[in-house]
């Protein structure tokens, strides 16, 4: 019984990790060759991958603020991306700008969705709704 629970937990964590870019080798091609979209809070770089899912990574440098501030910005970005359905087959890197440290969640949400819409990476239903809000 304990082994099954452990196996299920490990499986869920492995499935969750598939959504993220986790290694330098996964970030490098996106940062080097990916398309570029930006606004005052976030820079987004995206590159097509050959997978059936989209993965994303977050870059929040020390220029944004101290650890507490950087972690808050990362949590806000992760929450926006959790609630936003993306087209499959893309690696996306979000680079937070220093202005993101003082931005409200609603502003970050609007800016990230705007960048995804510009890059045409939103799932179709969500893209139309996003365009109406802009």
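No lab work stands behind these numbers, since they all come straight from the coordinates. Just so we're clear, the structure is a prediction, and the values are computed from it rather than from any experiment. All Cβ positions, even for glycine, are placed from backbone atoms using ideal geometry, and neighbour counts span all protein chains on display.
State the extension gain, in nm to one decimal, for the chain segment bounded by residue 83 and residue 106, taking 0.36 nm per residue of separation less the distance between their alpha-carbons.
7.0 nm
For region 19-133, rounded, prolate or oblate, judged on the Cα gyration tensor with a ≥ b ≥ c (square roots of eigenvalues), a/c < 1.5 rounded, else prolate if a/b > b/c?
Cα axes put region 19-133 in the oblate bin.
Run the numbers for residue 99 and residue 50: contour at 0.36 nm per residue of separation, minus the present Cα-Cα distance, in nm.
Net length gain for the segment: 14.3 nm.
Given points 7 Å out from each Cα along the Cα-Cβ axis, report the residue 23 to residue 124 separation in nanometres with one decimal.
3.6
Hey, can you rank 85-97, 101-113, 61-73 by average C-beta count inside 10 Å, highest first?
85-97, 101-113, 61-73
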